[in-house]
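Right, one structure below, let's go through it.
The values are calculated or read from the model by the stated rules, or taken from the named source; none is laboratory data. Just so you know, these numbers come straight off a predicted model, no measurement behind them. Neighbour counts are summed over all protein chains in view; Cβ atoms, including those assigned to glycine, are modelled from backbone coordinates with ideal geometry. To get the accessible areas, we keep the full protein, side chains included, count just its heavy atoms, and leave off ligands, DNA and RNA. Shrake-Rupley method; radii C 1.70, N 1.55, O 1.52, S 1.80 Å.
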Amino acid sequence: IHLQRRASLREWQELRIHKVERSRGLIFPDEAGKVLGYLRRVHPSWTFIASQTLGRILILQGTELRLLRAANFIPIFGAWTYEVYLSFPWSRTLAFDEFWDSVEGLFARIPRVTSMCLQVSSGPTFNHTMDDAVRKLSNVLHIFKGLRSLRLYSDQNHGPGTDHSCLDIIEIPTLFHALENAPHFEILVLRNFLPCFALARKDTIAYAFP
């Protein structure tokens, strides 16, 4: 069930059809996660193993403090959590800073994360929520000593047929400083977002217009 959940989550992050769904306000359905939630309640002997299996992946979608506070109080996430998926709407709300403070509190409980994905859905204007979230994330990456991969995905369209002819590029040196200090870091994947002007000049960067 865990492997099925991971595969479904990666498809949600990568496939173009799901980008359209996110633009409509839909979230990752996490059917396998629901199954694990049911198994937690089937019998007391199943509760521990099902809870830890469910807690291997932390999924936060949106900026509702109610859901985040529930995640903080339910002992599902901990040293056995190895993957994080954060998904935000394109518009930055006034509650974002308060929400992120609670996210950092939850991060302190899951220091063994090895893989993280930050995804922001598309909107009618350039996506400054992505910039804000990456800056805040850069300040807490030191918590994850075993981090190996980071994926920063913006759903904002660029290129022919859109209102934006180029990628949104902004300097975020704190991100690269944090990654340099991650001893096991291997993979940085960027989509529709470049946190450094130098990357835009590299011949190895491929630009794909959805």
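Observations on the model:
- Flag for R151 being open to solvent by 30 Å² or more (accessible area, probe 1.4 Å), at pLDDT 85 or above and within 24 Å of F96 (Cα to Cα): no
- Picking from residues in region 66-82 that are without any contact (Cβ under 8 Å) to a residue 12 or more places away in the chain and in a helix (DSSP H, G or I), the one that is least open to solvent (accessible area, probe 1.4 Å) is A70.
For every residue, the table says whether it meets (1) farther than 25 Å from V134 by Cα; (2) in contact with a helix residue (DSSP H, G or I) (Cβ under 9 Å, 6 or more places away or on another chain).
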position: H18; (1), (2): no, yes
position: R24; (1), (2): no, no
position: T53; (1), (2): yes, yes
position: S87; (1), (2): no, yes
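- Pairs meeting the criteria (first residue in region 1-27 and touching a residue at least 12 places away in the same chain (Cβ under 8 Å) and open to solvent by less than 90 Å² (accessible area, probe 1.4 Å), second residue assigned to a helix (DSSP H, G or I) and of a type in the set (S, T, Y), beta carbons under 6 Å, at least 6 apart or on different chains) are H2/T53.
- Looking only at region 83-107, and only at residues there that are over 24 Å from R5 (Cβ atoms) and assigned to a loop (DSSP other than H, G, I, E, B), the one that is most open to solvent (accessible area, probe 1.4 Å): L94
- Filtered residues of region 177-192 (kept if open to solvent by less than 70 Å² (accessible area, probe 1.4 Å) and either in a loop (DSSP other than H, G, I, E, B) or at pLDDT 90 or above (or both)): A178, L179, A182, F185, L188, V189, N192
- From the list T53, T63, the lone residue that is open to solvent by less than 60 Å² (accessible area, probe 1.4 Å) and either touching a residue at least 60 places away in the same chain (Cβ under 8 Å) or not in a helix (DSSP H, G or I) (or both) is T63.
- Selected residue [in contact with an Asp or Glu (Cβ under 8 Å, 6 or more places away or on another chain) and modelled with pLDDT of 90 or more] from R5, R10, R92, R22: R5
- Counting the residues of region 129-146 that are closer than 8 Å to A178 by Cβ and in a helix (DSSP H, G or I) gives 3.
- Near pairs, Cβ below 6 angstrom, 6+ apart or cross-chain, from region 134-154 (hydroxyl-bearing (S, T, Y)) to any residue that is surrounded by 15 or more Cβ atoms within 10 Å (Cβ to Cβ) and in a helix (DSSP H, G or I): S138/T174; S138/L175; S138/A178; S154/M130
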